[in-house]
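Quick notes on the structure that follows.
The values are calculated or read from the model by the stated rules, or taken from the named source; none is laboratory data. Predicted model, so just to flag it, every value in this text is computed and none were measured. Neighbour counts run over all protein chains shown; Cβ positions are idealised from the backbone, glycine included. For accessibility, only protein heavy atoms count, side chains too; no ligands or nucleic acids. Shrake-Rupley method; radii C 1.70, N 1.55, O 1.52, S 1.80 Å.
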Amino acid sequence: DAFHNFDIALCAAMSDTELDDLMHDEGIIRNHSKIYSVRNNARAVLNIQKEYGSFDTYLWHFTDNKVIDGKWKKPEDIPAVTDLSRTISKDMKKHGIKYAGPVITYSFMQATGIVNDHLEDCKYR
């Protein structure tokens, strides 16, 4: 609710007053720079969309549109960060995105299916 259901255009258009008012919203993390990063990152994503056609296309170009399959056997084998997540994180920073370090980026890659880290014997693999 605080961020317009993450509608990128609406987040990109948030005013300083609107963002400052969120410092009183107990339902979110009330960190000034993180709150302001939502607008910043929305604007950065809009620019990436203009450049690549979509944020999806931008992300998948790093893997040539192929899922990275870890084929892990044990949970402790699954990494928290990879060279690719470092590369994507660094590139997103070049595009102006904040608070997207390599660990967060790797988690995002897992959540979006760019990386398949289900264990080899997982029924959801």
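General remarks:
- In the stretch 73-106, residue most open to solvent (accessible area, probe 1.4 Å) [restricted to those that are touching a residue at least 40 places away in the same chain (Cβ under 8 Å) and part of a helix (DSSP H, G or I)]: PRO75
- Condition check for ALA111: open to solvent by 60 Å² or more (accessible area, probe 1.4 Å) and small (Gly, Ala, Ser): yes
- Residues of the stretch 10-34 that are surrounded by 11 or more Cβ atoms within 10 Å (Cβ to Cβ) and within 24 Å of ASP91 (Cβ to Cβ): CYS11, ALA12, LYS34.
- Residue selected from the stretch 35-61 under the condition open to solvent by 50 Å² or more (accessible area, probe 1.4 Å) and in contact with a helix residue (DSSP H, G or I) (Cβ under 8 Å, 6 or more places away or on another chain), by the criterion nearest to MET109 (Cα to Cα): HIS61
- One residue stands out among those in the stretch 62-72 that are open to solvent by 80 Å² or more (accessible area, probe 1.4 Å) and modelled with pLDDT of 95 or more: the one that is nearest to TYR106 (Cα to Cα), which is VAL67.
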